[in-house]
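Chemist: Take this structure first; my questions come after.
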Amino acid sequence: MYKILAASIFINILVMQKNSANLDTLRLAVQPASFEIDSITRRQSFRNAMSRLAAGVNIVTTDGLAGRAGFAATAICSVTDTPPTLLVCLNRNSSAFAAVNGNRTLCVNVLDDSHADLCRLFGGGTPLTQRFSSGAWGVGDGGCPRLDGALASFDCRITSMTSCGTHVVLLCEVNTVITHEGGSALIYFARGYHTLAACQTDTSSS
């Protein structure tokens with residue numbers, strides 16, 4: 001009787017161990033999918049939050065031996081004024097990446113509120129050869145296309161390129177600056193274009 005009871009207990013232990021092993025295997029199988037879902041959720045949450053960060057809109061152009069190209073960008077900011085330097089972020093999968101990487105020169109054109117349609121043209125869906133078919137373009141001191149009527153244009157030389165995830169971070173030393181007075185800024189906010197006008201200062205005496 002005791003032998004039968006001991007055998008029964010032993011068999012139950014084996015079954016429990018097997019079920020536990022199967023459960024561990026199941027957990028291992030589920031974890032990667034769970035991590036992937038978490039990663040997708042985090043990316044989407046990040047993008048949704050960034051859509052609440054209003055930013056000026058720019059068209060960045062390049063030209064040279066590696067070809068002529070341009071792309072719309074909001075991920076641009078000032079780094080320092082000694083020497084004058086801009087930071088520009090560019091997706092490595094962008095159709096403009098090869099030209100920018102090869103030429104190592106670019107022009108950042110700050111758009112006004114009349115350039116929304118032009119910005120859409122440079123947004124990524126239009127072939128590079130067709131993007132300059134609209135707008136009035138000159139040539140900057142560095143040889144890159146400069147947009148006539150831009151609020152400001154910065155002719156730059158790329159001094160540093162650093163990879164970060166899907167993008168490269170470009171540090172661009174500014175050689176020439178052209179500005180135009182008047183006009184209203186084109187702003188991208190909540191996945192749409194908006195106008196930002198300069199505040200009018202009341203100089204009249206009270």
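Chemist: Out of (1) among the polar types (S, T, N, Q); (2) modelled with pLDDT under 90; (3) crowded, with 16+ Cβ neighbours inside 10 Å, what's the single condition that is false for residue 94?
Modeler: Of the numbered conditions (1) among the polar types (S, T, N, Q); (2) modelled with pLDDT under 90; (3) crowded, with 16+ Cβ neighbours inside 10 Å, the odd one out for residue 94 is (2).
Chemist: Here's another thing I want to ask about it. Take residue 102 and tell me if it is of a type in the set (Gly, Ala, Ser), closer than 21 Å to residue 165 by Cβ, assigned by TED's automatic domain parsing to the domain that holds residue 170 and surrounded by fewer than 16 Cβ atoms within 10 Å (Cβ to Cβ).
Modeler: Judged against the criteria, residue 102 is not a match.
Chemist: Which of (1) touching an Asp or Glu at 6+ places or on another chain (Cβ under 8 Å); (2) surrounded by 17 or more Cβ atoms within 10 Å (Cβ to Cβ) does residue 110 not meet, given it meets every other one?
Modeler: Among (1) touching an Asp or Glu at 6+ places or on another chain (Cβ under 8 Å); (2) surrounded by 17 or more Cβ atoms within 10 Å (Cβ to Cβ), the lone unmet condition for residue 110 is (1).
Chemist: If you don't mind, there's one more thing I want to ask. Enumerate the strands (runs of 3 or more DSSP E) found wholly within the range 104-200, keeping only those where 1 or more residues are closer than 25 Å to residue 93 by Cβ.
Modeler: Passing ranges, in order: 105-110, 145-147, 152-164, 167-179, 185-189, 192-196.
Chemist: Counting just the residues of the range 65-74 that are surrounded by 15 or more Cβ atoms within 10 Å (Cβ to Cβ) and outside any strand (DSSP E or B), which one comes out nearest to the chain's Cα centre (by Cα)?
Modeler: Taking the range 65-74 and keeping what is surrounded by 15 or more Cβ atoms within 10 Å (Cβ to Cβ), we get 66-74.
Next cut, outside any strand (DSSP E or B) only: 66-68, 74.
Numbers: 66: 22, 67: 22, 68: 20, 74: 7 Å.
Applying the filter and picking the extreme gives 74.
Chemist: Among the residues of the range 140-164, which ones are of a type in the set (S, T, N, Q) and either closer than 15 Å to residue 174 by Cα or touching an Asp or Glu at 6+ places or on another chain (Cβ under 7 Å) (or both)?
Modeler: 153, 159, 160
Chemist: Continuing with the same structure: Do any residues in the range 172-190 that are within 25 Å of residue 82 (Cβ to Cβ) and in the same structural domain as residue 144 (by TED's automatic domain parsing) have Cβ atoms under 6 Å from those of residues that are part of a strand (DSSP E or B) and acidic (Asp, Glu), where the two are at least six apart or on different chains, and which pairs are they?
Modeler: Filtered contacts from the range 172-190: 175/155; 176/155.
Chemist: Which of the following residues is assigned by TED's automatic domain parsing to the domain that holds residue 167 and touching a Leu at 6+ places or on another chain (Cβ under 7 Å): 95, 114?
Modeler: Matching residue, one of 95, 114: 95.
The values are calculated or read from the model by the stated rules, or taken from the named source; none is laboratory data. Since we're looking at a predicted model, the values are computed, not measured. Glycine also receives a Cβ, built like all others from the backbone with ideal geometry; neighbour counts cover every protein chain displayed.
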